[in-house]
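The values are calculated or read from the model by the stated rules, or taken from the named source; none is laboratory data. Here the structure is a predicted model, which is why all the values come from computation and not from measurement. Cβ placement follows ideal geometry from the backbone for every residue including glycine, while neighbour counts extend to all protein chains displayed. Accessible surface areas use protein heavy atoms only, side chains included; no ligands, DNA or RNA. Shrake-Rupley method; radii C 1.70, N 1.55, O 1.52, S 1.80 Å.
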Amino acid sequence: MPGAVDRVRVTTVVDNYIDNLRQDDAVARRYSAFVAGKMPDLRAEHGLAHLVEITRGRDRFTMAFDFGLTPDTLNHNFRELAIDPSTIDALGLSHGHRDHWGGLTGFLHAWRRRLRRDLPFYGGVDHFEPRWQQRGERRVYSGRLNRDEIERYDVPVTLVAKPTELAEGVWLSGEMHAAEDWETIPSNLRVERGGELIQDTFIGEQTLVANVRDRGLVVITSCSHRGIVGICKNAVRLTGVSRVHAVMGGFHLSGLDDARVTRVVDAFRALDVEHMVPQHCTGIEAIASIVHRMPGHFTASSVGTTFDFAAPDVAAPSP
């Protein structure tokens, strides 16, 4: 049997949305005025950054997973939320798009002295390649993360090709080869190799997966370019845990047609996912479809929210 954890707590440090009026619900603790003791001063942008805290007995593992678009937003929100960088055990990056790594080197510049000295960085095999968007003859450069810029802060880079257990009951997915054939990658997303722009396959895209005891899998994704349904099924395959308890992150459904969105939501219903937290690139139409077709399973994202997924016998955190 695979290992299991007692609790997964995911704080949304950067996302596209802020709603300071939203109240707590079953799994979400909001950074409200009553928590902050003032009007919250958080920032949103087109990007995503998670702080993931794993608890298993007395053991704790904390990962900063993705870093938003800009260091200004990421560092500001770290300060506003009073997150202590010294508690971070590892850094992880889902994929090589700027809205997920843009804040990284500025974060390291601001906080390196407070981060642990042996801090590792985990990424995919294709994270350091130039990315582009192309429509017809028009091309827009999306940036390239430089591996040297990470390593010059004395942070060693580990490339994750195979499923990798970070702590007992917690994995990075590694490369995902068995995608759903209908979850096609948008053709405008390109990667530069050998001086040519070719279709990006995002083979190195990483998903963070944790097995919560007596609940099932918590799947934490980013942009889900290889298909969010396939990503969930891959998490089941790599862990051997059949139940998906919660899925959160960007589902990359914005701008896609109704048929594709409906098929994804129906697949989630078939998987009997208990908690859905769509973020970032999911798209308002897809979010509305989840709300409508999966009543009682949707939880709204908002910058500063902490999502808490715990085993049934674990006490709720103090307010």
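Inside segment 210-226, can you point out the residues that are closer than 20 Å to Phe251 by Cα and open to solvent by 20 Å² or more (accessible area, probe 1.4 Å)?
Selection gives Arg226 alone.
Among the residues that make up segment 190-205, is at least one of them part of a loop (DSSP other than H, G, I, E, B), under 13 Å from Gly96 (Cβ atoms) and among the aliphatic types (A, V, I, L, M)? Give the derivation first.
If we filter segment 190-205 for residues that are part of a loop (DSSP other than H, G, I, E, B), which is where we start, we get 194-195, 200-205.
Restricting the remaining residues to those that are under 13 Å from Gly96 (Cβ atoms) gives 200-205.
Now drop any that are not among the aliphatic types (A, V, I, L, M), which leaves 203.
Among the residues of segment 190-205, at least one is part of a loop (DSSP other than H, G, I, E, B), under 13 Å from Gly96 (Cβ atoms) and among the aliphatic types (A, V, I, L, M), which makes the answer yes.
If Ile198 satisfies every condition in (1) among the hydrophobic types (A, V, I, L, M, F, W, C); (2) under 19 Å from Arg293 (Cα atoms); (3) open to solvent by 10 Å² or more (accessible area, probe 1.4 Å) but one, which is the exception?
Only one criterion is unmet by Ile198, namely (2).
Please state which one of Arg263, Arg243 is open to solvent by 50 Å² or more (accessible area, probe 1.4 Å) and closer than 11 Å to Gly216 by Cα.
Just one listed residue meets the conditions, Arg243.
Across segment 29-51, what is the number of residues that are open to solvent by 40 Å² or more (accessible area, probe 1.4 Å), closer than 14 Å to Thr12 by Cα and small (Gly, Ala, Ser)?
Residues in segment 29-51 being open to solvent by 40 Å² or more (accessible area, probe 1.4 Å), closer than 14 Å to Thr12 by Cα and small (Gly, Ala, Ser): 1 in total.
Would a scan of segment 227-247 turn up a residue that is in contact with a Cys (Cβ under 8 Å, 6 or more places away or on another chain) and closer than 19 Å to Thr299 by Cα?
Kept after step one, since they are in contact with a Cys (Cβ under 8 Å, 6 or more places away or on another chain), are these residues of segment 227-247: 244, 247.
Filter once more, keeping what is closer than 19 Å to Thr299 by Cα: 244, 247.
Checked segment 227-247: at least one residue is in contact with a Cys (Cβ under 8 Å, 6 or more places away or on another chain) and closer than 19 Å to Thr299 by Cα.
For segment 137-157, does any single residue satisfy the condition of being of a type in the set (Phe, Trp, Tyr) and closer than 30 Å to Arg263 by Cβ?
First pass over segment 137-157, keeping only residues of a type in the set (Phe, Trp, Tyr): 141, 153.
Checking which are closer than 30 Å to Arg263 by Cβ leaves us with none.
Checked against the condition, which is being of a type in the set (Phe, Trp, Tyr) and closer than 30 Å to Arg263 by Cβ, segment 137-157 yields no hits at all.
Among the candidates Gly249, Gly255, single out the residue that is closer than 22 Å to Glu180 by Cα, in contact with a Pro (Cβ under 9 Å, 6 or more places away or on another chain) and open to solvent by 50 Å² or more (accessible area, probe 1.4 Å). Show your work before the answer.
Numbers: Gly249 fails: open to solvent by 50 Å² or more (accessible area, probe 1.4 Å).
Unique residue meeting the criteria: Gly255.
Filter segment 125-164 down to the residues that are more than 14 Å from Glu192 (Cα to Cα) and without any contact (Cβ under 8 Å) to a residue 12 or more places away in the chain and list them by number.
Once the filter is applied, which keeps residues that are more than 14 Å from Glu192 (Cα to Cα) and without any contact (Cβ under 8 Å) to a residue 12 or more places away in the chain, segment 125-164 yields Gly136, Glu137, Arg138, Asp148, Glu151, Arg152.
Is it fair to say Ile290 is closer than 22 Å to Asp66 by Cα, assigned to a helix (DSSP H, G or I) and at pLDDT 95 or above? Before you say what the answer is, go through the steps one by one.
Working: closer than 22 Å to Asp66 by Cα: no; assigned to a helix (DSSP H, G or I): yes; at pLDDT 95 or above: yes.
It is false that Ile290 is closer than 22 Å to Asp66 by Cα, assigned to a helix (DSSP H, G or I) and at pLDDT 95 or above.
Have a look at Thr73, Thr55, Thr158, Thr62 and point out the one that is in contact with a Lys or Arg (Cβ under 8 Å, 6 or more places away or on another chain) and within 23 Å of Ala210 (Cβ to Cβ). Talk me through it step by step, then tell me what you get.
Working: Thr73 fails: within 23 Å of Ala210 (Cβ to Cβ); Thr158 fails: in contact with a Lys or Arg (Cβ under 8 Å, 6 or more places away or on another chain); Thr62 fails: in contact with a Lys or Arg (Cβ under 8 Å, 6 or more places away or on another chain).
Exactly one of Thr73, Thr55, Thr158, Thr62 is in contact with a Lys or Arg (Cβ under 8 Å, 6 or more places away or on another chain) and within 23 Å of Ala210 (Cβ to Cβ), namely Thr55.
Before we move on, is Ala110 open to solvent by less than 60 Å² (accessible area, probe 1.4 Å) and more than 18 Å from the chain's Cα centre (by Cα)? Quick ask: steps written out before the conclusion?
Values: open to solvent by less than 60 Å² (accessible area, probe 1.4 Å): yes; more than 18 Å from the chain's Cα centre (by Cα): yes.
So Ala110 passes the test.
Given the conditions (1) without any contact (Cβ under 8 Å) to a residue 24 or more places away in the chain; (2) among the hydrophobic types (A, V, I, L, M, F, W, C); (3) open to solvent by less than 10 Å² (accessible area, probe 1.4 Å), and given that Ala90 satisfies all but one, which numbered condition is not satisfied?
Unmet condition: (1).
Do we find that Arg79 is within 19 Å of Gly249 (Cα to Cα), free of Cβ contacts under 8 Å to residues at least 60 places away in the same chain and open to solvent by 10 Å² or more (accessible area, probe 1.4 Å) in this structure? First the steps, then the outcome.
Details: within 19 Å of Gly249 (Cα to Cα): no; free of Cβ contacts under 8 Å to residues at least 60 places away in the same chain: yes; open to solvent by 10 Å² or more (accessible area, probe 1.4 Å): yes.
Taking the combined requirement at face value, the residue does not satisfy it.
Can you tell me how many residues in segment 146-185 are out of contact with any strand residue (DSSP E or B) (no Cβ under 7 Å at 6 or more places or on another chain), open to solvent by less than 40 Å² (accessible area, probe 1.4 Å) and among the aromatic types (Phe, Trp, Tyr)?
So the count comes out to 1.
Which members of segment 95-124 meet the condition of being in contact (Cβ under 8 Å) with a residue 12 or more places away in the chain and among the acidic types (Asp, Glu)? Show your work before the answer.
Kept after step one, since they are in contact (Cβ under 8 Å) with a residue 12 or more places away in the chain, are these residues of segment 95-124: 95-112, 114-117, 119-124.
Within segment 95-124, Asp99 is the sole residue that qualifies.
Taking Phe65 and the conditions (1) loosely packed, with under 14 Cβ neighbours inside 10 Å; (2) closer than 25 Å to Glu205 by Cα; (3) not polar (S, T, N, Q), which numbered condition does it fall short on, given that it satisfies the others?
With respect to (1) loosely packed, with under 14 Cβ neighbours inside 10 Å; (2) closer than 25 Å to Glu205 by Cα; (3) not polar (S, T, N, Q), Phe65 is out only on (1).
Looking at (1) over 20 Å from Leu159 (Cβ atoms); (2) surrounded by fewer than 23 Cβ atoms within 10 Å (Cβ to Cβ); (3) among the hydrophobic types (A, V, I, L, M, F, W, C), which one does Ile54 not meet, given that it meets all the others?
All conditions pass for Ile54, except number (2).
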